[in-house]
Amino acid sequence: MRIVLISTPIGFLGSGKGGGVELTLNSLVSGLVSLGHSVEVIAPKNSKLSESNEKAKLYFVEGEDQISWQHQNYNSPISIPDNSLLAGMLEKGLNIAKQADVLLNMSYDWLPIWMTLNVEIPIAHIISMGSESSAIRNLISKVYAKYPDNFAFHSKLQANDYPFIKNPTIIGNGFELDNYTFQNTLKGPLAWVGRVAEEKGLEDAAYIANELGEKLNVWGLIEDKTYASKIEKLFPQGTIDWRGFLATNDLQKELGKCRVLLNTPKWNEAYGNVIVEALACGVPVVAYKRGGPSEIIQHGKTGYLADPDDKETMLSYVKTIEKIKRKNCRAWVEKNASTDIFANKVLNWLNVVINEYK
Ligand code: UDP
């Protein structure tokens, strides 16, 4: 299959601004290429694919980023900046896709979805968030009426935000297992990984660290500086140890030394890449039962699930985390979330999309 892929219109690949989509894109390219498919990626200038993806062609586009939807109001109108990066990527992608089998869109925005109704080229959309915009949700519903197969989701609970979709396609996610080393350290520190932004609920993890009289290691891009300093001031100095945004290899080395990852989403988390990355290193995860984490973590086997916002229960689970066998965590990832498993699910879905146009 010849697949043209459109990246996120928020930050270049490697900047961290695109959140989990950056890693997902790399895993998918790697899985598709290893299964013998041709992949061309349209991405913002300065983007880098992971070293293992040098076989994929990368095209650069310059322009203005979109505003991320999780930081706009649900009823905000669609805005497209002058010299729009998204429009530029789409233009380039559509042009190349004339000779390809399918255009695969990984941006969560209105324009590529609207375009689906207006061109003959099959456009398939990996929806990377729950419903964060009424305009996008309504447009998905409209496109779905004509092309019921063109949307895929990372988890069932994420897809529930789009209840008009009957039997949604769930593709999970994939991870390059060789990039993560299993570590059997039982007495390490507490970890939290993610974009530092309100929807990630860092304050609840800091609360738990403070209750335990420990520090919390935080890795990730500080997307919202005001929020970060607000959270920092809520707890005694030094509770949060800001460890910065690291490339995957450095992140996994540090993460693997930890005894548990805390995951505290305040929104309907579409999937939660960081959970699987922790598991791949052998680190159990305690998370809120909200979106993707509930479908990834096996309660009592690879970590624990607390009711949403129930910090006290989360704290009690952290206290008994040594009951979880770290080998189970790695084993789950090997069995359920490799790049090959992910790429095969995506290919099966893309075949259905392509057939719709025949
Ligand atoms: N991440 C990273 N380095 C860091 C912290 C995070 O590369 O120091 C990446 C991590 O690998 C993951 C992404 O940031 O792929 C966060 O994705 P997730 O799905 O957890 O949440 P999102 O940001 O998409 O809401």
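The values are calculated or read from the model by the stated rules, or taken from the named source; none is laboratory data. These numbers were taken from a predicted model, which means no experiment stands behind them. Using ideal geometry, Cβ is built from the backbone for each residue, glycine included, and neighbour counts are taken over all protein chains shown.
Restricting attention to the stretch 172-190, the residues being surrounded by 24 or more Cβ atoms within 10 Å (Cβ to Cβ) and touching a Phe, Trp or Tyr at 6+ places or on another chain (Cβ under 7 Å) number 2. Scan the stretch 202-260 for residues that are surrounded by fewer than 16 Cβ atoms within 10 Å (Cβ to Cβ) and assigned to a helix (DSSP H, G or I) and the total you get is 11. The residue that is farthest from Glu203 (Cα to Cα), counting only those in the stretch 261-281 that are assigned to a helix (DSSP H, G or I) and more than 8 Å from the ligand (Cβ to nearest atom), is Ala280. Taken across the stretch 148-155, residues that are among the hydroxyl-bearing types (Ser, Thr, Tyr), over 21 Å from the mean Cα position of the chain (by Cα) and modelled with pLDDT of 95 or more do not occur at all. Filtering Pro112, Pro81, Pro77 for residues that are surrounded by fewer than 15 Cβ atoms within 10 Å (Cβ to Cβ), within 18 Å of Leu139 (Cβ to Cβ) and more than 16 Å from the ligand (Cβ to nearest atom) leaves a single hit, Pro77. Just one of (1) surrounded by 18 or more Cβ atoms within 10 Å (Cβ to Cβ); (2) touching a residue at least 60 places away in the same chain (Cβ under 8 Å); (3) not hydroxyl-bearing (Ser, Thr, Tyr) fails for Leu35. It is (1). Comparison of Pro112, Pro122 shows that the only residue that is over 17 Å from the mean Cα position of the chain (by Cα) and within 23 Å of Gly63 (Cα to Cα) is Pro112. Given the residues Lys311, Lys327, which is the only one that is of a type in the set (D, E, K, R) and more than 16 Å from Ile208 (Cβ to Cβ)? Testing whether each residue is of a type in the set (D, E, K, R) and more than 16 Å from Ile208 (Cβ to Cβ) leaves just Lys327. When the stretch 107-137 is filtered for residues that are more than 14 Å from Tyr147 (Cα to Cα), outside any loop (DSSP other than H, G, I, E, B) and out of contact with any strand residue (DSSP E or B) (no Cβ under 6 Å at 6 or more places or on another chain), the ones remaining, listed by number, are Trp110, Leu111, Ser134, Ala135, Ile136, Arg137.
Report yes if Asp82 is more than 28 Å from Val33 (Cα to Cα), in contact with a strand residue (DSSP E or B) (Cβ under 7 Å, 6 or more places away or on another chain) and acidic (Asp, Glu), otherwise no.
yes
Only one residue in Gly292, Gly303 is out of contact with any Lys or Arg (no Cβ under 6 Å at 6 or more places or on another chain) and under 30 Å from Asp149 (Cβ atoms). Which one? Only one candidate qualifies: Gly292.
Here Lys301, Lys266, Lys327 are screened, and the one residue that is closer than 19 Å to Thr181 by Cα, out of contact with any Cys (no Cβ under 8 Å at 6 or more places or on another chain) and among the basic types (Lys, Arg) is Lys327.
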